[in-house]
């Protein structure tokens, strides 16, 4: 296929992965820069991916009994300060409202960087008895963090996310919730986004400000860097005590409830791009693709072509496929490149000769594989092919993860493996922050997580040689 | 039915309509106050109504070709100032961010009170050719207006809404869009919320800051006050020129596109409460009710009751009804009152005797009408009853609107009618703002709209006696 100017404009990923990424974000019309530094416009095509993510995840949350609500976007400074570790983590990157209307405010208000404090204040007023537990809440909103650097989807000053906040009568129930929601995230990433994950616990250094434990799913991008794709936090009763949330339990005693929170954001779209994309642009997993199949009429103005193309599109729509037909006045070649750039999983070409023979051409975006298909088989074949693309993307990403995860016995070996190959380096670890800091300083890697699926790689910490406590993954992260 | 304590707590609407309204908002657990003045917490039950509104409206917008996107929440002061009338209208009630992280900002940023300026800046970068038109965009988000007073749902400093923003090649097309979207709003209000509307044009005094024309739908609440339920604005090319958005048209000329915007917010939930509610609490139109039917097992712990109740609930769920079963350890009487307060359209009671006779009791929330129904007729009867409730609510609200709309020939008559009865007063009007101001000052009424369905009530303005230009509606508004 002759490539047109549009496609030629994107940088090859092998030449400059970062530039390739930015090119795809812009040329696939996913996102755009706004007039305020670090704040982005989610364009319709990018936002439509988020809408699909929302629809699927929201149903998964509700199926587990969670309810949505909406809290205010502004937090009084005194409220943010109620939990010491939390404010230390977030206050340095807050945006502050100091003027309302014509008046200087008596107390400044920050735009939520996350909403634990607001939820806790609300919980304090609505949780009085064991009958009021559990509370299983979730909110879809945007949050603001005044970052110094930014990249489309990966690091914004304002980004879209969901934040779950739950309260439980027992420690065990809250821990189960924390684990359950991490599993929901892992299930979603693997089965809908075709992104294989490593599940594990964050180190104390890397955990959420104010949490007792943070669990995370970590993914590997095409350039072998790590992306934290979702986190689930267990708070114990720390916030409950700080916010004086107490209730009368079944034994008529005053108790503090146990808390969790969990979040997942639009950075996942960055993950999709960097996991599946190629030098022709975006490649979307069919289950979240806004358009799953695009119909391209060939020799569009020949009699009967457009009618036949529309009939095929309508048949597939009726079969539950998300279909688009491109009737614009561009050449078929231009359209092929355009929809490849946008990562549409399947392309259906239909021209006068095809119509005569009651067939069409189906092309897979992931492999480029092309086949002639009888028109009357479409309803059967298209769902099968979409599943095949979905599975193919997962298998390829899984291979990337497996092939690029290496054990190391020493800091030197870890450093060499990262420099030569990249990927995840797994070592034993003593549990000390000093060793994390040394790994960062000398090998440029942060700890990603202590996987739930532990392996015994030896007796000693690869960094300091002291007795090891855990196997841990290291990587260079987005 | 003996009323329990819970229900006794709400004020009768005849005693104090405002207090009744606040009581319903709180006791039906729709909304709560937050720690920041004028900012509210949309609780799960209230938010679930909004989710239903969103789902239905979003599909209506998309069916007309609109796409969703998401713009940043912060607007630089210089951008807000680009259109003179617009900034005059909105700047006085903006909340301003002046500090980001540790630094004082060079230019202060306001939290969006509405997003015309942000959309225009984006349009400037993406509209170059006639091929780029129309742009049909919509955004679901929250906006902030630093109001001095507040009431749940009706006036918040932060509220949830949708804002549509479109750009067109011709004046005619933009006008058609403005009208079409007002019709979408009217259709939605009447057919889903059971709220009859008056469609018309706002006066220059009442139109949106920066618009050439504003169309609105006006509803009448149970207390005969007016609620503006949705607006649709036509901007001409005013913003296009102010923001220098131009494109090459089909004749290779530089042109400015024509613009619209339209918005509808969570204040509609306030409208639902004040249109349909009664002294037992909320009454929800079935088409947006989070729960359409609640199953109450009577003598719940008798053998077989809970199983039978669950079986009925599941059958109705399978039939597409939004069903809840209340298995809590409360008396049936408590549960009846609770779900009446929450406005659930239908209640299904099922006890041991009913089970023996293969029947149950169905009670309509709107009329209190009670009937025995054979269990095997439920799948047929429940959808019919829900439709009957929906229609019944609309008819009652329509009668309230019709019965309380009066023509007047003079300011004195208008004033007397408002004082004695309330409602909408329709008069002829000369078109001068001076007469609007006099009506406000002397009769306490603002102009609601100049209905599209004009009537000829006379030759002269009811206020000044000069030749009349339009028939206009007056009222006391929320």
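Derivation of every value follows stated rules applied to the coordinates shown; laboratory data play no part. Keep in mind that what you see is a predicted model, and the values were worked out from it rather than measured. Cβ: placed from backbone, ideal geometry, glycine included. Neighbour counts: every protein chain shown.
Rank these for me by crowding, B:14, B:83, going from fewest to most other beta carbons within 10 Å.
On the way: B:14 9, B:83 22.
Placing the least packed residue first, the sequence is B:14, B:83.
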Problem set entry | Per-residue Cβ neighbour rank within 10 angstrom, fewest leading, A:474, A:429, A:130, B:20 | A:130, B:20, A:429, A:474
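Averaged over B:47-53, how many beta carbons belonging to a partner chain fall within 10 Å of each residue's beta carbon? Write down the numbers at each step before the final one.
Values: counts 6, 3, 0, 3, 3, 0, 0.
Mean partner shielding for this stretch: 2.
Return the average number of partner chain Cβ atoms within 10 angstrom of each residue Cβ along peptide B:30-37. Present the calculation step by step, with values, prior to reporting the outcome.
On the way: counts 0, 2, 5, 2, 10, 11, 12, 1.
The mean count of partner-chain Cβ atoms within 10 Å per residue comes to 5.
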Exercise. Using Cα-only point scatterers and the Debye equation, what is log10 of I(q)/I(0) for the protein assembly as shown at each q in 0.06, 0.07, 0.10 Å⁻¹, rounded to two decimals?
Worked result: -0.49, -0.68, -1.37
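Taking only the C-alpha atoms, wrap a convex hull around segment B:12-276 and report its volume per residue in Å³ as a whole number. Mind dumping the intermediate values first?
Working: hull volume 36.3 nm³, N = 265.
Cα convex hull per residue, to the nearest whole number: 137 Å³.
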For this session: Which order do the peptides A:454-465, B:207-218 take when ranked by the mean count of other beta-carbon atoms within 10 Å per residue, highest first?
Result: B:207-218, A:454-465
Exercise. For segment B:138-230, treating each Cα as an identical point scatterer without solvent, what Debye log10 I(q)/I(0) comes out at q = 0.16, 0.23 1/Å?
Worked result: -0.84, -1.50
Problem set entry | Ranked packing of A:241-249, A:338-346, most packed first, by mean Cβ within 10 Å | A:338-346, A:241-249
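Take every Cα pair under 8 Å in segment B:293-387 that's 6+ residues apart, average their separations, divide by the length, and report that relative contact order as a whole percent.
Details: 139 pairs, mean separation 28.4, N = 95.
Once divided by the residue count of segment B:293-387, the mean separation gives 30 percent.
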Problem set entry | Nearest 10 degrees, 0 to 90: helix B:267-276 Cα axis against chain B principal axis | 50 degrees
Seminar exercise, completed: The FRET efficiency for residue A:402 and residue A:434, from their Cβ-Cβ distance with R0 = 25 Å and rounded to 0.05, is 0.20
Exercise. Where in segment A:451-476 does the label zone of residue A:441 land, with the point 7 angstrom along Cα→C-beta and an amide N cut-off under 14 Å?
Worked result: A:464
Exercise. Nearest-5 percent of antiparallel DSSP beta bridges in segment B:405-475?
Worked result: 75 percent
Exercise. Using a simple spin-label model with points 7 Å from Cα along the Cα→Cβ vector, what separation in nm is obtained for residue A:410 and residue A:170?
Worked result: 5.0 nm
Seminar exercise, completed: Placing each pseudo-label 7 Å from Cα in the direction of the beta carbon, residue B:85 and residue A:455 end up separated by a distance in nanometres of 6.9 nm
Problem set entry | Residues listed by number, segment B:352-368, amide nitrogen under 19 Å from residue B:384 label point at 7 Å toward C-beta | B:358-368
Seminar exercise, completed: homo-copy label distances at residue B:84 (7 angstrom along Cα-Cβ), nm, one dp, ascending, are 5.8
For this session: Determine the shielding of peptide A:101-114 by partner chains: average, over its residues, the number of Cβ atoms on other chains within 10 angstrom of each Cβ.
Result: 3
Exercise. Going highest first, how would you order B:89-97, B:259-267 by mean Cβ packing within 10 Å?
Worked result: B:259-267, B:89-97
Exercise. Taking only C-alpha pairs under 8 Å that are 6+ residues apart, what is the relative contact order of segment A:405-475 in percent?
Worked result: 40 percent
For this session: Give the Rg (one decimal place) followed by the Dmax (whole number) of segment A:405-475, computed from C-alpha coordinates and expressed in Å.
Result: 10.4, 28
For this session: Would you please report the Å³ per residue occupied by the convex hull of the alpha carbon atoms in segment B:35-101?
Result: 180 Å³
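What share of the DSSP beta bridges in chain A is antiparallel, in percent to the nearest 5?
On the way: 69 of 84 bridges.
Antiparallel bridges: around 80 percent, rounded to the nearest 5.
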For this session: List the relative contact order of chain A as a percent without decimals, with contacts defined as Cα pairs under 8 Å and 6+ residues apart.
Result: 14 percent
For this session: Quick one: work out Rg over Rh on the C-alpha atoms of segment B:272-367, Rh as Kirkwood radius.
Result: 0.98
Seminar exercise, completed: A correct Stokes-Einstein calculation for chain A, using the alpha-carbon Kirkwood radius, 10 °C and 1.306 mPa s, returns a whole-number D in µm² s⁻¹ of 65 µm²/s
Problem set entry | Inter-copy separations for residue A:205, label at 7 Å along Cα-Cβ, nm, ascending | 6.8
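Evaluate 2.2 N^0.38 Å with N set to the residue count of segment A:196-326, then give the Cα radius of gyration divided by it.
Details: Rg = 24.8 Å, N = 131, 2.2 N^0.38 = 14.0 Å.
In units of the 2.2 N^0.38 Å rule of thumb, it is 1.76.
Can you give the helix-only mean residue ellipticity at 222 nm for chain A, where every DSSP H stretch with n ≥ 4 adds -39500 (n - 2.57) and the sum goes over all residues, rounded to the nearest 500 deg cm²/dmol? Before the final figure, lay out each step's value.
Values: 15 runs with 169 residues, N = 478.
It comes out at -11000 deg cm²/dmol, rounded to the nearest 500.
State the antiparallel share, in %, of DSSP beta bridges confined to the protein assembly as shown, rounding to the nearest 5.
Details: 145 of 175 bridges.
Antiparallel bridges: around 85 percent, rounded to the nearest 5.
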Seminar exercise, completed: Output row for residue A:453: copy-to-copy label distances, label 7 Å along Cα→C-beta, ascending, in nanometres, one decimal, is 6.7
